């Protein structure tokens with residue numbers, strides 16, 4: 001970790017900002033490349049008459065309705081975004097409330113929504129709420145980084161461990177970084193890619 005810290009200079013983990021916009025961007029970017037996600041997001045913002053770096057208002061998505069598919073969204077992603085917009089529009093205090101809940105409760109609430117799984121909820125905790133002790137054991141980049149950097153320290157398993165075994169081993173190993181596992185996660189990502197990770 002010391003070597004990674006020394007190599008990144010002044011770079012730091014930053015919040016993506018407002019909860020609704022961050023979750024909407026996460027849904028747009030699911031299962032497509034970063035470049036493709038950015039292109040769809042730019043088209044969506046253009047369709048809604050706003051700049052890509054502006055806060056997205058749930059009411060704009062609701063007013064546009066199914067027309068948001070014209071931005072290049074699948075029917076499912078359009079449904080997920082409209083569900084999310086209606087959820088936030090129906091509870092004006094939701095953004096503030098999410099910031100006060102425990103990590104576990106945030107994950108529980110978010111994963112009850114269609115289109116938001118545990119990984120997206122964890123990215124929300126890291127990059128929106130800036131929670132200090134989040135370790136996304138489902139993230140393949142994190143698993144790869146740990147197994148590369150700490151190959152001599154990891155408990156040995158059979159030569160081809162299952163994904164479930166790799167996750168369990170990484171989660172146990174991550175305890176050494178508690179209660180700052182978010183920072184460790186970000187540094188692990190940086191060990192694989194010098195470009196700062198943002199979700």
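Counting residues in the range 142-149 that are assigned by TED's automatic domain parsing to the domain that holds residue 29 and part of a helix (DSSP H, G or I) gives zero. Any residue at all in the range 103-110 that is at pLDDT below 95 and surrounded by 15 or more Cβ atoms within 10 Å (Cβ to Cβ)? Within the range 103-110, none of the residues are at pLDDT below 95 and surrounded by 15 or more Cβ atoms within 10 Å (Cβ to Cβ). Could you please find all residues in the range 40-73 being over 25 Å from residue 94 (Cβ atoms) and loosely packed, with under 15 Cβ neighbours inside 10 Å? Passing the criteria: 42, 46, 70. Of the residues that make up the range 20-32, is at least one over 24 Å from residue 83 (Cβ atoms) and out of contact with any helix residue (DSSP H, G or I) (no Cβ under 8 Å at 6 or more places or on another chain)? Taking every residue of the range 20-32 in turn, none turns out to be over 24 Å from residue 83 (Cβ atoms) and out of contact with any helix residue (DSSP H, G or I) (no Cβ under 8 Å at 6 or more places or on another chain).
Pairs linking a residue in the range 163-178 that is under 23 Å from residue 132 (Cβ atoms) to a residue that is surrounded by fewer than 14 Cβ atoms within 10 Å (Cβ to Cβ) and modelled with pLDDT of 95 or more, with Cβ atoms under 6 Å and 6 or more positions apart or on different chains, do not occur.
The values are calculated or read from the model by the stated rules, or taken from the named source; none is laboratory data. Since the model is a prediction, treat every value here as computed from it, not as a measurement. Heads up, the Cβs are rebuilt from the backbone with ideal geometry, glycines too, and the neighbour counts pull from every protein chain shown.
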